[in-house]
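Quick note: the coordinates plus some simple rules give every number you see, no bench work behind them. Please read all numbers here as calculations on a predicted model, not as lab measurements. Note: ideal-geometry Cβ built from the backbone for every residue, glycine included; neighbour counts use all protein chains shown.
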Amino acid sequence: MKLVTAIIKPFKLDEVRQALSELGTQGITVTEVKGFGRQKGHTELYRGAEYVVDFLPKVKLEAAVSDERLPLVIEAIEKAARTGKIGDGKIFVTALEQVVRIRTGEQGDEAL
């Protein structure tokens, strides 16, 4: 089992969610986050004063998937989130040692 964490642009969330739903991925967690990578923020003008926006709004999406489905999930996120411009985001994959569904007590792949 793997935990797939994707940091994407906020306006791409619906497309990514739709792509994962079409794959049959059940259950994702979405968090609004701020950060920067190579973009390093930008400057904006507000009421005549220029100020620097260091952290840009992003969306963090997490989904627990079985090892067999991992390549399909990564490909779906990558295609749906890509704009071809800087700041498209990243996908991180980490191993999950144990998953337990609290309601039923199911464990492992059955809990996904």
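General remarks:
- Per DSSP, loop GluC sites (Glu not before Pro) in segment 47-104 with at most 13 further Cβ within 10 Å: GLU68, GLU97
- Near GLY35, the amide H atoms lying under 5 Å from its own belong to LEU56, LYS58; only residues 5 or more places off or on other chains count, and H is placed 1.01 Å from N.
- Sequence-distant residues sharing a close amide H with VAL53 (under 5 Å, placed H): HIS42, THR43, GLU44
- Rounded to the nearest whole Hz, the Karplus-based 3J(HN,Hα) values (6.51 cos²θ - 1.76 cosθ + 1.60, θ = phi - 60°) of segment 69-76 follow the sequence 8, 3, x, 5, 5, 4, 4, 5, with x at glycine and proline.
- Estimated dipole of the chain in Debye, rounded to 20 [Cβ of Lys and Arg +1, of Asp and Glu -1, Cα centre]: 480 debye
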